[in-house]
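Structure first, commentary second.
The values are calculated or read from the model by the stated rules, or taken from the named source; none is laboratory data. Because the structure is predicted, anything quoted here is derived from the model rather than measured. Don't worry about glycine lacking a Cβ; one is built from the backbone with ideal geometry, like all the others, and counts go over all protein chains shown. Quick note on the areas: whole protein, heavy atoms, side chains included, nothing else; ligands and nucleic acids left out. Shrake-Rupley method; radii C 1.70, N 1.55, O 1.52, S 1.80 Å.
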Amino acid sequence: MPAPGASASVPLSTPRGRPLPSRPRSIERRSDAVPDIIRTSRPRDPPPLGGATNENTRAATAAQTSSGAKLARTLGLWSIVGLGLGYMTPTVVFDTFGLVAEKTNNVVPAAYAVALVVLVFTAISYGKMVRVIPSAGSAYTYARESIHPGVGFVVGWTALIDYMLLPMVNALILRSYMEALFPDVPGWIWVVVFTAGVTGVIYLTMRGTSNVNMILLVFSILVMTVFVVMVVVQLVGGAGAGTAVSLAPFAHSEVQFGAVLAGATVVCFSFIGFDAVSMYSEEAKTPKIMPRAILLTLVAGGVIFLVAAYVTQLRFPDSTAFPQEAIEDSTLPEIGVQVGGPVLQAVLTAAGFAATLASWLASHASVSRMLMVMGRNNVLPRRIFGFINPKTHTPTFSIVIVGVVSLLAIAFTLEQIAAYINYGALVAFTFVNISVIAWFAVRKGLRKTPGDIARYIVMPAIGMVLTGLLWVNLDMHALIGGLIWTGIGVVYLIVLTRGFRRPIASFDENEPVTGFNKTVPGPRSEI
């Protein structure tokens, strides 16, 4: 459940722009002396507040031109979809199953179906925006360029709560796995050990590998397939609901739509990451496949979640089958032991462990990179967040700060953290839909034909309303806490701009300070 940009994270350049050891030019673009490029690429007189410029994109293009190298276009459609599915962590459906079953009165698949329908509209909007602003695919980039730099800043600040808590939720899930396997060991010990290990790995190198991600994904899906087959056999034999074909997991007499919506707000957490595949637009064989890749990642992940949730719901028709502590943290180990005993529990936990650890490494590296960019742009104190260790070429303090936040997994439950993460994600998704209307219908004037109205006004408006509907159904504590966080961002923006008299600093992770420039050059007006 990582944040966007993780797979592209690599060892960084030093603060003074000293060149790193050379790498094959066919594999990656070097960013030697990038800070100088960034400084010289900015105009002497900054544009006034409200001038929707993309300074980072121009700087990135300058960096590319100076080096003459580019990333190899080797990723096909299904390779990118595979990376996206690994980012989404398919086994998370078992972690949150008990929690969602309790909220929805035992119609978990219905919650996934609602969330999938809602997010399909947002995925289509992402596909539209990635074609005209082919950068990191971030909601704040789209809002900044389409609506207003101030709006983009606030959207990005709000989404930061999402990025910061993703490593923490992975720590919490791993803690619950180890507590199920070793009940005599205090849970806080596992949080400390795993947090120290992940922080140490990211401290030494931020480079990721898609091959490892694909291996973990294949392993997880194979284990889930075995699980589904075992459950179907048990259902035919009379276990659970006693049938493998039933509409009860989607609807029954005691189901209320409001409860299903509440469950859908939780399972949105499972889908986070489908938009992250836009990171690979420069490594795709052709950028034209990116809209399809985003949509296919969402749909493929949704199908996996729906099938797993459907058979699990039939096998466990009532959430009372799980102890309350498992519902609050993770029901995956409990599901495994009840379906296949200690052996399946160990195998299913291993699959979940591998997928969650990979997600943790990716999300930790990604948010550390974002904090570093914010430090480089003086959005956060530069001496702390912009510092790059000259030996490891990694943002030392940013990595350690994310690790410290992850330690809070000792005191929180999965339900609490998922709600806060969904707050940031749903706000970002809503503004992606708004950005489509602002860019195409308003800026480009594409609102004169029925087709344009349907594509650039009606569909994103539906996506905006549906994501907003989930947003208002969030847990009240998460909603209040999230609004407070957004309010702090607005106040911080006023301070940074000295009452909107200065141009707005950007924290776009496209800034080429980590050896990779994820911007695809091309006409911005292309539709």
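Observations on the model:
- Extension gain for Leu469-Asp318 works out to 51.7 nm (0.36 nm per residue, less the C-alpha to C-alpha distance).
- Prolate/oblate/rounded call for segment 104-201, Cα gyration tensor, a/c under 1.5 rounded: oblate
- Spin-label model distance (nm) - Val404 vs Phe500, 7 Å beyond Cα toward Cβ: 3.4 nm
- Peptides 294-305, 461-472 ranked from most to least packed by the mean count of surrounding Cβ atoms within 10 Å: 294-305, 461-472.
- Once the C-beta distance of Ala411 and Ala350 is scaled by a Förster radius of 22 Å, the resulting FRET efficiency is 0.25 to the nearest 0.05.
- Per-residue extension of 0.36 nm, minus the Cα-Cα distance of Val193 and Gln256, leaves a gain of 18.4 nm for this segment.
- With the cut-off at under 18 Å, measuring from each backbone N in segment 297-328 to a point 7 Å along the Cα-to-Cβ line of Val232 picks out 303-316.
- Length gained on full extension, Leu204 to Val307: 33.2 nm, using 0.36 nm per residue less the C-alpha separation.
- In nm, spacing of pseudo-spin labels at Arg443 and Val299 (7 Å Cα→C-beta vector): 2.8 nm
- Among Met374, Leu408, Asn473 the positive-end extreme of the charge dipole of segment 362-494 (Cβ point charges): Met374
- Remark: spin-label model distance Ala239-Trp78 equals 3.1 nm, labels positioned 7 Å along the Cα→Cβ axis.
- Probe 1.4 Å, all protein chains present, accessible-area order of Thr320, Thr243, Thr394, largest first: Thr320, Thr243, Thr394
- Over 24 Å (Cα to Cα) - which of Lys285/Lys448; Lys128/Lys444; Lys128/Lys448; Lys128/Lys285 fall in this group: Lys285/Lys448
- Cα gyration tensor category, rounded, prolate or oblate, for segment 294-446 with a/c compared to 1.5: oblate
- Cα-based shape type of segment 376-474, given that a ≥ b ≥ c are square roots of the gyration tensor eigenvalues and the cut on a/c is 1.5: oblate
- DSSP-assigned coil residues among trypsin sites (Lys or Arg not before Pro) in segment 440-512, each with at most 12 further Cβ atoms within 10 Å: Lys448, Arg498, Arg501
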